[in-house]
Amino acid sequence: MNEKITAIFEKSPQGYIGYVEELPGANTQGATLEETKANLIEAVKLVIEANRQLAEEDISGKEILKQPLGTITI
């Protein structure tokens, strides 16, 4: 499965600001566009990791069925 996400890059006096439309909390900044892109990829990974940890805490002790849904390629 391939899912496209939208990165938004905005020029600022200090460089660039970047965020992902579809993933609140995935935002960053950098001196150059390339640095901002790299930082944004890391931010996406961190948001997903944090969300996964929160979900694990929420389902702890509950009877659940957990299955891989697929891989999303960015």
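Close amide H contacts of A26 (hydrogens built in the peptide plane, cut-off under 5 Å, sequence separation of 5 or more or a different chain): V20.
Taking a cut-off of 17 Å, what percent of all Cα-Cα pairs in the chain are separated by more than that? Within the chain, distances greater than 17 Å cover 54 percent of Cα pairs.
In a simple Cβ point-charge model (Lys, Arg +1; Asp, Glu -1; nothing else charged), the chain has a dipole of about 120 debye relative to its Cα centre. Using only Cα atoms and rounding to the nearest 10 degrees, what angle (0 to 90) does helix 33-59 make with the longest principal axis of the chain? The two axes meet at around 20 degrees.
Output the relative contact order of the chain, whole-number percent, from Cα pairs under 8 angstrom with separation of 6+ residues. If you can, show how the numbers build up before the last one.
On the way: 86 pairs, mean separation 22.4, N = 74.
Computed value for the chain: 30 percent relative contact order.
Here the sum of -39500 (n - 2.57) over DSSP H runs of 4 or more residues, divided by the residues of the chain, equals -13000 deg cm²/dmol at 222 nm, to the nearest 500. For the chain, trypsin sites (Lys or Arg not before Pro) meeting the loop criterion (DSSP other than H, G, I, E, B) and having at most 13 other Cβ atoms within 10 Å: K4, K62, K66.
Only the coordinates and a few stated rules stand behind these numbers; no lab work does. Since we're looking at a predicted model, the values are computed, not measured. Cβ coordinates were reconstructed from backbone atoms using ideal geometry, including for glycine residues, and neighbour counts include every protein chain displayed.
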